[in-house]
Amino acid sequence: QSFQPTQGGHKIIYIGPIKALVQERHNDWQTRYGSRLGLHCVQLTGDVDDDQLDDDLETADVICSTPEKFDQVTRKVKEKGKMAFFAQLGLILLDEVHLLNEAGRGSSLEAGCVGRIKAVATIPEMAKAHIASVRFVAVSATIPNIRDLATWLNVPATGIKQYGDELRPCKLTTHVKGYNPAKNDFLFERRLNDHVYGIVTGYCNGRPGLVFCNSRKGTMDTAAILAKEAAAHSNASTRSVFVKSAQQLQRLQAASSQAKAKGLGAVLVAGVGFHNAAMEPEDRELVESLFKANDLPVSLCRPT
C-alpha cells in the first residue's frame, strides 16, 4: 500500500554522477520549466535537508539526484512507508552512465537506482501504475558496449542511438603533448604544472578554458601557480594577462570578497578559478557564474 500514488502525474528522475552537475540541472530546469510550465523540481544531494524530502518527493515533477543519494533516500522513505512517489516514476534519465564501471559508485547506480526501479516495476500490484511502463534514457560519451547496456535497460533496437563528433555544436581540435616521466605520479603532476600556463595561453586564443586536474587539491594548487604566472606576464594596470579591462577587474575583485574557500579569492582577481566538490555551494556557484559571464577566462576542475 505504501507504493500507491496519491497524485496523478508522471515523475521524472534525473541521475547525475556528481553533486555539482545535479545542482546545475536542477537550477536550470527549475528556471526553465518552473515558471513556464508550473513544474516543481527537487534535488537530492548531500546539501539538502532530509527532513523536508517526504513532502518534496510527493509534490515533485522532476527529481534530480546522485546515485548514492537516491539509493539512500529510497531506503529511508520505504522504512517510513512513504513510497507513493515511486509508483509515479515514468521516465529515468541516466547521465554519464559509464559510471557503472566505477568501483563502489557503480553499484549504487546499478542496484540502488536502476535495479530497484526495475524490481518495483515488475510487482503485479504495480501493473496499472506509471512505473510499470517506465522508460530509461541513458547517455554517455565513452561507453563502448552500448548494446549490452541497452539489453540491461530493456531498450529495443530502434531505441539505440549512436552519434559521432560531426554532431558536436563546437568542433574539437585535439593536440597531444608528451613529457618526460618522473619518479612517481605525484612528481609528474607537479612537473606538468610548469607547462599549464604556456598551453593555456597558446591554445585558448582569448576564449574561456578548462583545465582538468586529478585531485581536488590539484585544482587549487594549479590555479595558484597559473595565477602567479599570469601576474608575472602582465602589465601594471590589470595585474594579470587574463584580465583585459578595469571593469572586468572590478567584477573579479567584488567576487573575490565573497569567496570562502581557501585561496579562491586570491586567484579570482587574476582571472583564474577552481571548482571541486569540496567547496561550499556558494563558492561553486560563484565560479560558475563568473565563467559563464566570461569574466573568468580559466577554471581548474576535476574531470567529473
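The values are calculated or read from the model by the stated rules, or taken from the named source; none is laboratory data. Since the structure is predicted, the reported quantities are computational estimates derived from the model, not experimental observations. Every residue, glycine among them, receives a Cβ derived from its backbone with ideal geometry; neighbour counts consider all protein chains shown. Calculation scope for accessible area: heavy atoms of the full protein, side chains included, ligands and nucleic acids excluded. Shrake-Rupley method; radii C 1.70, N 1.55, O 1.52, S 1.80 Å.
Farthest toward the positive end of the dipole of the chain, out of Asn276, Phe136, Ala223, is the Cα of Ala223, where the dipole comes from beta carbon charges about the Cα centre. Computed over the range 164-304, the P(r) curve from all C-alpha pair distances, binned at 5 Å from the origin, holds 2, 10, 19, 23, 19, 14, 9, 4, 1, 0 percent per bin.
Sequence neighbours fewer than 8 away in the same chain don't count; with that in mind, list the lysines whose C-alpha is under 22 Å from Lys19. Partners found: Lys11, Lys69, Lys76, Lys217, Lys260, Lys262, Lys292.
Heavy-atom surface analysis with a 1.4 Å probe gives the range 93-231 a carbon and sulfur content of 54 percent of its accessible area.
So what does log10 I(q)/I(0) come out to for the range 109-193 at q = 0.11, 0.21, 0.26 Å⁻¹, using the Debye formula with one equal point on every Cα and no solvent? Taken in order of the listed q values, log10 I(q)/I(0) reads -0.60, -1.04, -1.28.
Taking H as built 1.01 Å from N, whose amide H comes closer than 5 Å to the amide H of Ala182, not counting residues under 5 places away? HN-HN under 5 Å from Ala182: Phe188.
Scanning residues 5 or more positions from Gly273 or on other chains, those with amide H under 5 Å from its amide H are Val298, Ser299, Leu300, with H placed 1.01 Å from N in the peptide plane. Estimated from helical segments only, the mean residue ellipticity of the chain at 222 nm is -11000 deg cm²/dmol, where each DSSP H run of four or more residues counts as -39500 (n - 2.57).
Counting only C-alpha contacts under 8 Å and six or more residues apart, can you give the relative contact order of the range 131-239 as a whole percent? Relative contact order here is 15 percent.
For Gln43, the residues whose amide H sits under 5 Å from its own are Cys64, ignoring neighbours fewer than 5 places away on the same chain, with H placed 1.01 Å from N. Size of the chain from its Cα atoms: along the principal axes, largest to smallest, the extents are 72, 39, 36 Å. Normalising the average separation of contacting C-alpha pairs (under 8 angstrom, six or more residues apart) by the number of residues puts the relative contact order of the chain at 15 percent.
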